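Comments concern the structure below.
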Amino acid sequence: MFELKKLSKEAIARSLAKAERYRLLNEPGVAESICQDILNTDRENQDALVMMILAITDQYTASPVARFKESMKFVSRLKDKYQRPYYSGICSERLAKAKLRQGYPGAEFDAYEVLQEALKWFELAEEVRPSGNEDAILRWNNCARIMINKNLRSRPEEETTPISTDFA
């Protein structure tokens, strides 16, 4: 098997720029790999954690729930009181979009529920946002528009008819 090579601390800034470039080139797997290298060198690098979260959420395809759980592990390592709820909202928003793309029966209801979670995260982020940063508001509005434009609603309660015991 292979032993992975270690990245030097001096290469972190340049590697972060490369990870961003690979995300923009729609190669999130490469960006994720670069972030793993950075985090192997500097476990608490906040920029690498954010890039890792975004690279993972770019890959919410075949198994979005598993990738969602993985991305949330990186969110929990963020130290900034704004970034934790903001990126939790991003993860939820992207999970909802993945569910809509999957299109299975009930996907619209699942997406609605996950978008509701995203809205809550973005509201928490809004409360602690840095002055002049309204990204959480922009994302909240985006989630609301998805629900409006796709006419997403909560899951209807199952209608149950009581069994009659009157056999007259």
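General remarks:
- Working note: Debye formula, equal point scatterers on the alpha-carbon atoms of segment 7-59, no solvent; log10 I(q)/I(0) at q = 0.14 Å⁻¹ is -0.27.
- In this simple spin-label model, placing a label point 7 Å from the Cα along the Cα-to-Cβ direction at both residue 157 and residue 2 gives a separation of 5.6 nm.
- Each other residue within a Cβ distance under 11 Å of residue 29 adds +1 if Lys or Arg and -1 if Asp or Glu, for a net charge of -2.
- Placing +1 on the Cβ of every Lys and Arg and -1 on the Cβ of every Asp and Glu, with nothing else charged, gives segment 26-108 a dipole about its Cα centre of roughly 400 debye.
- Note on the chain: with a GNM built from Cα contacts shorter than 10 Å, the maximum mean-square fluctuation among 100, 124, 24 falls on 24.
- Whichever lysines have a C-alpha closer than 27 Å to that of residue 18, once near sequence neighbours (fewer than 8 apart) are set aside: 5, 6, 9, 69, 73, 79, 81, 97
- The charge dipole of the chain, taken about its Cα centre with unit charges on the Cβ of Lys, Arg, Asp and Glu (plus for the first two, minus for the last two), comes to roughly 640 debye.
- Taking 0.36 nm per residue of sequence separation and removing the Cα-Cα distance, the residue 134/residue 101 pair yields an extension gain of 9.1 nm.
- Cα centre as origin, Lys/Arg/Asp/Glu Cβ charges: segment 63-154 dipole, Debye: 320 debye
- Dimensions (Å) - the chain, Cα atoms, principal axes, largest first: 85, 48, 27
- Loop-located GluC sites (Glu not before Pro) across segment 1-94 with a Cβ neighbour count of 10 or fewer within 10 Å are 3, 44, with loop assigned by DSSP.
- Gaussian network model of the chain, Cα within-10 Å springs - most flexible of 120, 79, 97: 79
Read-outs throughout are calculated quantities, based only on the coordinates presented, and are distinct from any laboratory measurement. Nothing here was measured: the structure is a model prediction, and the numbers come from that model. So basically every Cβ, Gly included, is an ideal-geometry build from the backbone, and we count neighbours across all protein chains shown.
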